[in-house]
Amino acid sequence: AGLQVSAGVAVFAAARRSVVHIRVRTFSPGALANARLDNDDEWEVLGPGEVYGSGTGFVWDGEGHVVTNYHVVSAPDTPARKRVIRATVTSQDTIQDHSVSAALVGADPDRDIALLRLSLDQLPSSFPALRPVQRGSSESLQVGQRVFAIGSPFGLPLTLTTGIISGLGREILPSSSPAEGQEQPLPSPNLGL
């Protein structure tokens, strides 16, 4: 049991600075025209917008790409309601949070995955470079292996959830069509991650 605890502590310590909190709102064109979206305080109090999604992503590379779940950013972007995405990143050294605009650059709704690009020019010049998450390979996964999910579900500060790989090559139906070849962790990760 002690090794499992220390493994979780090590994974959390290594990955926590790669976690990004994502918020999505929709605004009417009039409210959006008068908004200063680069000001977090003002962004929070805009009346005509509605919070449509909130979740977690992880830094993929130093160019500002972030991977998240599609359901987090799936708010429709229409002439009547404009989708606005903000991402909060934490510096590695000073543990200061900064929010920046983000754009949806790719998505696969059937696999519930989306790729964002952060507006890095909105970060202060003193802000350290983003820290990409250390990636592994799913090719060597085995049933029974321990898995960890780190995120900020429902806006709560960094949370660690753990489970096991309960099956490989399963067909999972995240939306209207099957997605084959996915791994299934058990218990199901918190949907807010």
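The values are calculated or read from the model by the stated rules, or taken from the named source; none is laboratory data. Owing to the predicted nature of the structure, the values given are computational and were not obtained by experimental measurement. Cβ coordinates were reconstructed from backbone atoms using ideal geometry, including for glycine residues, and neighbour counts include every protein chain displayed. These accessible areas exclude ligands, DNA and RNA; they are computed on the full protein's heavy atoms, side chains included. Shrake-Rupley method; radii C 1.70, N 1.55, O 1.52, S 1.80 Å.
Couple of notes before you dig in:
- Residue within the range 94-109 that is within 21 Å of ARG25 (Cβ to Cβ), of a type in the set (Val, Ile, Thr) and surrounded by fewer than 17 Cβ atoms within 10 Å (Cβ to Cβ) present: yes
- Test result for ARG81, modelled with pLDDT under 90 and within 16 Å of the chain's Cα centre (by Cα): no
- Evaluation of PRO79 against (1) loosely packed, with under 13 Cβ neighbours inside 10 Å; (2) within 19 Å of VAL20 (Cβ to Cβ) (one fails), failing number: (2)
- Yes/no for ARG86 being open to solvent by less than 70 Å² (accessible area, probe 1.4 Å) and out of contact with any Gly (no Cβ under 8 Å at 6 or more places or on another chain): yes
- Strands (runs of 3 or more DSSP E) lying entirely in the range 122-193 (those with 1 or more residues that are modelled with pLDDT of 85 or more): 146-151, 159-172
- Residues of the range 114-167 classified as aliphatic (A, V, I, L, M), free of Cβ contacts under 8 Å to residues at least 40 places away in the same chain and open to solvent by less than 80 Å² (accessible area, probe 1.4 Å), total: 4
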